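Here is the structure we will look at.
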Amino acid sequence: MKFKKSEKLYKKGLKNLVGAVNSPVRAFSSVGGNPLFIKKAKGSKIYDVDGNEYVDLVVSYGPMILGHRHKKVEKAAKKALKNGYSFGASTEAEIKLAKIVCDAFPEMDKVRFVNSGTEAVLSGIRLARAFTGKDKIIKFSGCYHGHQDALLVAAGSGLATLSLPGSKGVPEGAVKNTLIAEYNNLESVEKHFENDDNIAGVIIEPIGGNMGVVIPQNNFLKDLKELANKNGAVLIADEVMTGFRSTFGGAQEKLGVIADITCLGKVIGGGFPVGAYGARNEIMENVAPIGGMYQAGTLSGNPIAMAGGISTLTELKKQNPYDKFEEIGNIIEIILLETAKKYNVDLVVNRFGSMMNPFFTESKVTNFEEAQTSDTEKFGVFFWEMIKNGVFLPPSQFEAWFLNSAICDKDIKVIANAVDKAMLAVSK
Ligand code: PLP
């Protein structure tokens, strides 16, 4: 496999782009080598500029749940494009997408569309404060909620990949209202509530996806909701990654928990820039123009993005691929574990439906600390062998792999072959 054109573009990109990327997770800092430059994608495959074909387990870090360029999504976006790209005024499409989203989450009466997951969460946090009249937010170590100042502490994802404890440029004042707790450890949350009556909300990825995949144990989420509400705080579910992915109603539906505020992104736009936050009327009516919490956006509810979201979610509901995801996810999990055993490699696989990832460790992984026991050098070796054998993975131990509904039996064979080669290389 050759990567000459990618190498050339990388060198060219370095001149006017920072690290030749527009998001640090796309850099290959933790796995070595240069990032691949992509030319196109279709269905379950992605193609780099050198013409190499890969089974895509990144799918744009989650949004492309139907695979790339689904014909219904493409048709809807093209149709919308013909009517104009942005109006700065309301359209019927926003109402349609709002109904689809609110119908999917039981206590969500209203939703507000924004342009990214980061925006959804920063607005969701502001709303929690507006609703409760309190200031502090509890977040969990290893959970990533976008790159807003207040939550860029112990934030997993790209920061973990680059071994950064937090971000430079975030003033102390911006994080003074952020309290850190440990995932799957209710006591660590209780302690904060015991010492502080100024806590507006607890924000959580209901399935951790940014420290690798980490699953809530026992009744962690239910207990968390109860604890937060008992103390006059709200539970904010950051379902940017899990919304419409874990099931149509997100991780909350699957886990039987209803958060007070839900933040969405990724799948909701089907590859176009859409984020959203929603809640019951009592909470949402704090948002301007009804209430006093200001939040706005020139391109929010963009008609092309709305068309992408409506067509993606409509098709997703029709396909209902969640059983298929479970089945394929399970097959890939078994492939990983059995191959690791064959080559005597210590491996733990965490998976929740269509989200999964392997950790090169022998200990179970239920929080960020345990995730960090993974041997990232081994992951680097594994990553490159997977690439060379036709499987596109996120270039980080701490990013989840995602399935899409276009994946087929042939792709699974490619994955199995690549895993065999990659595990052998790791074992050497
Ligand atoms: N929240 C979670 C759980 C995420 O995984 C991400 C991004 O990966 C975000 C928020 C931020 O979303 P965006 O990158 O669209 O700003």
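Each value in this text was obtained by applying a stated rule to the coordinates, not by laboratory testing. All values reported here derive from a predicted model rather than from experimental measurement. A quick note on method: Cβ atoms are made from the backbone with ideal geometry, for glycine too, and the neighbour counts reach across all protein chains shown.
Taking amide H atoms as placed 1.01 Å from N in the peptide plane, list the residues 5 or more away in sequence, or in a different chain, whose amide H sits under 5 Å from that of residue 109.
It is 279, 280, 281, by chain and number.
Sort 246, 396, 116, 363 by Cβ crowding within 10 Å, fewest neighbours at the top. Kindly include the intermediate steps, with their values, before the conclusion.
Details: 246 23, 396 27, 116 18, 363 13.
Sorted ascending by nearby Cβ count, the order is 363, 116, 246, 396.
Going by average Cβ neighbours within 10 Å, how do the peptides 289-297, 34-42, 366-374 rank, with the highest at the top?
The packing order, highest mean first, is 366-374, 34-42, 289-297.
Kindly put 211, 386, 1 in sequence by how many other C-beta atoms sit within 10 Å of each C-beta, fewest to most.
Working: 211 33, 386 23, 1 12.
Fewest-to-most ranking of 211, 386, 1: 1, 386, 211.
When the Cα centres of segment 1-67 and segment 317-335 are compared, how far apart do they sit, in Å?
Here the two parts' Cα centres lie 25 Å apart.
Please list, by residue number, every one of the trypsin sites (Lys or Arg not before Pro) in segment 49-154 that is coil in DSSP and has at most 10 other beta-carbon atoms within 10 Å. Could the numbers behind the result be given before it?
Values: sites: 69, 71, 72, 75, 78, 79, 82, 96, 99, 110, 112, 126, 129, 134, 136, 139; in loops: 69, 82, 134.
Sites meeting the loop and neighbour criteria: 82.
Using Cα springs under 10 Å in a Gaussian network model of the chain, which residue among 237, 128, 104 shows the largest mean-square fluctuation?
Between 237, 128, 104, it is 104 that shows the largest mean-square fluctuation.
Summarise the long-distance tail of P(r) for segment 281-354 by giving the % of C-alpha pairs beyond 13 Å.
Details: 2112 of 2701 pairs.
Cα-Cα pairs in segment 281-354 separated by more than 13 Å: 78 percent.
Any idea what diffusion coefficient segment 202-284 gets from Stokes-Einstein, in µm²/s, Kirkwood Rh on alpha carbon pairs, 20 °C, 1.002 mPa s? Please list the in-between numbers first.
Values: Rh = 13.0 Å.
Using the Kirkwood radius from Cα pairs, D works out to 165 µm²/s.
Suppose the chain between residue 167 and residue 327 were pulled fully straight at 0.36 nm per residue; how much longer would it get relative to their current alpha carbon spacing?
Length difference between fully extended and current span is 53.7 nm.
Which residue fluctuates most in the GNM of the chain (Cα springs below 10 Å): 135, 238, 197?
Of 135, 238, 197, the Gaussian network model singles out 197 as fluctuating most.
Would you work out the charge dipole size for the chain about its Cα centre, treating the Cβ of every Lys and Arg as +1 and the Cβ of every Asp and Glu as -1, and quote it to the nearest 20 debye?
On the way: 51 positive and 47 negative charges, 455 e Å.
Dipole magnitude for the chain comes out near 2180 debye.
I want to check the label-to-label distance for residue 40 and residue 87. Put each point 7 Å from Cα in the C-beta direction and report it in nm to one decimal.
So the label points at residue 40 and residue 87 sit 3.3 nm apart.
Grab every C-alpha pair in the chain, bin the distances at 20 angstrom width from 0 up to the longest one, and report whole percents.
27, 59, 14, 0
What does the helix-only formula give at 222 nm for the chain: each DSSP H stretch with n ≥ 4 adding -39500 (n - 2.57), the total divided by the residues, and the result rounded to the nearest 500 deg cm²/dmol?
Working: 15 runs with 167 residues, N = 428.
That calculation yields -12000 deg cm²/dmol at 222 nm.
Suppose we take every Cα in segment 48-195 and form the convex hull; what volume per residue is that in Å³? Intermediate results must be reported in sequence, preceding the final value.
Details: hull volume 32.3 nm³, N = 148.
Given the Cα convex hull of segment 48-195, per-residue volume reads 218 Å³.
Neighbouring Cβ atoms within 10 Å as the yardstick, rank 92, 119, 226 fewest first.
Numbers: 92 9, 119 23, 226 14.
Ranking 92, 119, 226 by Cβ neighbours within 10 Å, fewest first, gives 92, 226, 119.
How fast does segment 71-319 diffuse by Stokes-Einstein, in µm²/s, taking the Kirkwood radius from C-alpha pairs at 25 °C and 0.890 mPa s? Please report the intermediate quantities before stating the final value.
Values: Rh = 18.3 Å.
For these conditions, the coefficient is 134 µm²/s.
Considering only the chain, what is the antiparallel percent among its DSSP beta bridges, to the nearest 5?
Working: 26 of 44 bridges.
Close to 60 percent.
For the chain, set up a Gaussian network in which alpha carbons nearer than 10 Å are linked by springs, and say which option among 13, 380, 62 fluctuates the most.
Of 13, 380, 62, the Gaussian network model singles out 13 as fluctuating most.
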